[in-house]
Structures are given as C-alpha cells and as structure tokens.
Amino acid sequence: MLGNQILISAVVGWVVAQVLKTMIDCALNKSFHAERLVGSGGMPSSHSSTVCGLTTGALLKYGAGSFEFAVSFVLSMVVMYDAIGVRRETGKQAKLLNSILMENPLKLNAEVLQEKLKEYVGHTPLQVAAGAILGIGLALLLDPLFQ
C-alpha cells in the first residue's frame, strides 16, 4: 500500500488538511479541540484536499486521458460542489436551530435539548479552494518519491 501513489496522495492530503485545520482552530479560539482532528468543516477543506490529492495522483500516474483520472476528477467535482452547497447550508441551518433551541420557546424538556446539532459540516468557497490547492500541491510534492 505504501507504494500506491494515488492512495498516499489522498491520505496525505487528508492528514495534512486535518492537522492544519486543528492548528488554525486552536490559534483562532485559543483552545485545543481534539474533534477538529477528524471533524468536517473549517479551513482548509480536508474533503477537497483528499479528492484533489487523489485526482492529481491519478493524473501524474495514468495521464489526463485515463479512466482513473476521469473518475477521480468527477468525484472531486461532486465532493467540492457538495461541500460548498448542501453541506454548507446544513451547517447554517444547524446553527440557527441551535440558537432557537437554546432559547427554548417551545418549552421542550431537557432530554430533547441535550444534544446540540453539529454546525461544522460544510465549507465556504475559500475553504474548498484552499483544500484543493493543498491536495494538488501535496500530490505534486510526493510525485518524485514514486518515480
């Protein structure tokens, strides 16, 4: 598995993005949240970094005309579109619902209010672009190791 350029490019993209995301969150909030190491949302997008690392690895190994590149490219477009669109809107809705539930206008019992909805699920276009650039850059940096 360590010789699989495409897999390593994708995994390194994810790991580096998650570590950067955690460091940025820690610097901004002045506290460490272990959930950021594996959680979604935030800067940079680890989803984008992963799929762009995968796609760039496929491009470098098999070429732009290959089946592997085509499948990876389409997957990347779907993942990044989803991160900016559906998942980002889900996060906005969760934030609004959480603020409403904190006020508890419906007088719901504590059991219903116990679990807060996850707000970090999507990305801004900048976060997706940063993740994409990171994934592409890492795959290019790793390429010489597989020659």
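The values are calculated or read from the model by the stated rules, or taken from the named source; none is laboratory data. What you see is a predicted model; the values in this text were computed from it and never measured. Every residue, glycine as well, gets a Cβ built from its backbone with ideal geometry; the counts of neighbours run over all protein chains shown. Calculation scope for accessible area: heavy atoms of the full protein, side chains included, ligands and nucleic acids excluded. Shrake-Rupley method; radii C 1.70, N 1.55, O 1.52, S 1.80 Å.
Here are the numbers for the structure shown:
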item	result
Extension gain, Leu37 back to Leu97 (0.36 nm per residue minus Cα-Cα distance, nm)	19.1 nm
Pair Tyr62, Val15: separation of 7 Å Cα→Cβ label points (nm)	2.4
Rounded FRET efficiency, nearest 0.05, which uses the C-beta distance separating Lys30 from Ile133 and R0 of 22 Å	0.25
Sequence of Phe32, Phe67, Phe146 from largest to smallest accessible area, 1.4 Å probe	Phe67, Phe32, Phe146
